[in-house]
Every structure is written in structure tokens, then in C-alpha cells.
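The next block holds one structure in the form of C-alpha cells; read it before the comments.
The values are calculated or read from the model by the stated rules, or taken from the named source; none is laboratory data. If you're wondering where the values come from, they're calculated on a predicted model, not measured in any experiment. Positions of Cβ are backbone-derived with ideal geometry, glycine not excepted, and every protein chain shown enters the neighbour counts.
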Amino acid sequence: MTAINPNEFADRYVAVWNEAEPEARRKGVEELWAPDGTYANAVAVVRGPEDIATQVGYAHDAYAVGGFTFRSCNNARGQHNTLRFNWVMVSRSTGALEAVGFDFITLDDDGRIVSDHQYFDTPPSYVVPPPGEAA
């Protein structure tokens, strides 16, 4: 596998979720995920760059409306083509903690995501607006 720095990878990953510009976000997804890569959370499983970028964009827009941003916890660890790391969702204005998340990622030999399983260790209290209402 291509040598990667786990925390640098986690920082790039979190940056995609904070990216407001759809084309830049799509480019970030294409750089991080393999063409047939998947992303799964408690309510969605999506495959391929178009659907992953759409899912990431929906989450970005929904949480940005609530005034939140994502940060890496700088605790990424990797072994045997896998990574695991935590991230937090915090208030953009106060820095107050809203949620803690965990990702377990499998990488291909080029260091791109084959599968990404995302969990909330501490779920947000913020209720995401229904699709179409997050702007």
C-alpha cells in the first residue's frame, strides 16, 4: 500500500466535509475515495463519487445551517490498509462540542477509500432539516 500519514489523511477527510463549494467537494471525494468506494452511516449507504459527494454535501449543508463545523481529533491510527479516527462537530461561533464521530476506513493499495463506516460516539442534539430544507 502507498505510505500515508494517518492524521494527514484524517485532516483531508474532514476538510471534504467542511468544503462549501460543490465542485471542490466533489474533487476532494474523487481524491479520497476509490471509484467504486462506499460510505455508510446509520441511515445511508452510498457508492461511487457522485453519490458520496451528494451525501457529504447534504451533511455539510444541513449542519452548516445549524452553525456547525467538523474537526479531526488528531488520533488517527492505521494498519494493514485500514484507518480509524475520531472527529468532532463543534459550534462555529463558540467551539462548543455538539457531537463526536468515529470512522473505520478500508483503503486500496493506492491509499484510497474502499469502504468508510461512520458512527456517532456521541450523537448531535441538533436535528438535521429534511432534504431540500438545508440550504
| How many of the residues making up region 11-30 are surrounded by fewer than 16 Cβ atoms within 10 Å (Cβ to Cβ) and touching a residue at least 24 places away in the same chain (Cβ under 8 Å)? | 2
| field | Residues that are at pLDDT 95 or above and crowded, with 20+ Cβ neighbours inside 10 Å, drawn from region 60-69 | value | Phe68
| query | With respect to the numbered conditions (1) more than 20 Å from Asp110 (Cα to Cα); (2) under 13 Å from the mean Cα position of the chain (by Cα); (3) outside any strand (DSSP E or B); (4) not hydroxyl-bearing (Ser, Thr, Tyr), which one is the sole condition not fulfilled by Arg26? | reply | (1)
| message | Can you tell me which condition Pro124 does not meet? The list is (1) assigned to a loop (DSSP other than H, G, I, E, B); (2) closer than 16 Å to Tyr13 by Cα; (3) under 16 Å from the mean Cα position of the chain (by Cα); (4) not small (Gly, Ala, Ser), and all the others hold. | response | (2)
| Pair list, Cβ under 7 Å, 6 or more apart: region 80-104 residue over 17 Å from Val114 (Cα atoms), other residue part of a strand (DSSP E or B) and among the basic types (Lys, Arg) | Trp87/Arg71; Val88/Arg71; Val90/Arg71
| query | For Gln55, all conditions in the list (1) within 12 Å of the chain's Cα centre (by Cα); (2) farther than 14 Å from His117 by Cβ; (3) not in a strand (DSSP E or B) hold save one; what is the number of the exception? | reply | (2)
| request: Can you give me the number of residues within region 37-52 that are within 14 Å of Ile113 (Cα to Cα) and in contact (Cβ under 8 Å) with a residue 60 or more places away in the chain? | output: 4
| said: Which of the numbered conditions does Thr69 fail, given that it passes all the others? Conditions: (1) touching a residue at least 40 places away in the same chain (Cβ under 8 Å); (2) out of contact with any helix residue (DSSP H, G or I) (no Cβ under 6 Å at 6 or more places or on another chain); (3) in a strand (DSSP E or B). | reply: (2)
| field | Residues satisfying the stated conditions in region 1-41, i.e. closer than 14 Å to Phe70 by Cβ and out of contact with any strand residue (DSSP E or B) (no Cβ under 6 Å at 6 or more places or on another chain) | value | Arg12, Tyr13, Ala15, Val16, Glu19, Ala20, Arg25, Gly28
